[in-house]
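Values quoted throughout were computed directly from the atomic coordinates according to the rules given, and no laboratory measurement underlies them. Keep in mind that this is a model prediction, so the values were computed, not measured. Note that we place each Cβ from the backbone using ideal geometry, even for glycine, and neighbour counts take in every protein chain shown.
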Amino acid sequence: LESTVEKLRAEVGERQRAALRAHGGDQGELVALLAGATPVHGPGVQLVVDDAKDAESGGDGPRESSGFSDTGRVRDRDMQRVVNGLWESGAEAIAINGQRLTSLSAIRAAGDAILVDNRPLVPPYTVLAVGDGKKLSTAFQDSADGQYLHALQENFGIRTSISDQEEVRLPAAPSLIVRTAEPKAADAGKGNGQGAANTGKGTS
């Protein structure tokens, strides 16, 4: 049954990606790239984040509201900041341990594990980001999130390394949600105080 489910998921995912490419208009390829619908490769950076060597005793004291019992563990919140910092620094596409991120991706914790879109990851966390390698690396390290990561290294022993890469390869996102939206009629909402500001929700 698991094999059948995975096969059907793969088929659905491929049809969704094909639909995105086919109906993206003149910017179909760009839309597919930004939505994570297609594999990508190009120059970029590799950022590796790992727990402290002695994760049970890293640092001088517990970090604020971690959900983890020790101080030297990488938290979901830490990875959220890393990813957001890379996006802000100019990354065009990002994956963590081979898991492609999209605008709908969620990085959460379950017990001691970090989940990306409900898929558990294990350290070390290898983040690949496509972009101008040198500029992306410099911009990230100079950003507030890059400084935050440096502080984790200095204060809690969390291990990090970042390097420019001539080429990184990212897979397509394993599952996409394709939505369409239709504009509301011009006279919708008249007389009930809602007007055009209430755009409603798209249909799926």
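Quick look at the numbers
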{"read-out": "V168 long-range amide H proximity, modeled H, under 5 Å", "value": "G42, G44"}
{"read-out": "Sequence ranges 140-153, 75-88, ranked by mean other-Cβ count within 10 angstrom, highest first", "value": "75-88, 140-153"}
{"read-out": "Whole-Hz ³J(HN,Hα) from phi, Karplus 6.51 cos²θ - 1.76 cosθ + 1.60, for the range 122-138, glycine and proline x", "value": "10, x, x, 9, 9, 9, 10, 10, 8, x, 6, x, 5, 5, 5, 4, 5"}
{"read-out": "Estimated vicinal HN-Hα couplings, Hz - the range 98-105 in sequence order (Karplus 6.51, -1.76, 1.60; Gly, Pro = x)", "value": "x, 9, 5, 9, 10, 5, 9, 5"}
{"read-out": "Contour excess over end-to-end distance, with Cα ends at V5 and V48 and 0.36 nm allotted per residue", "value": "12.3 nm"}
{"read-out": "Ranking of L104, L115 by count of other Cβ atoms within 10 Å, fewest first", "value": "L104, L115"}
{"read-out": "Rounded if a/c under 1.5, otherwise prolate or oblate - the range 106-167, Cα gyration tensor axes", "value": "oblate"}
{"read-out": "Nonlocal amide H pairs with V74, under 5 Å, H built at 1.01 Å", "value": "D51, A52"}
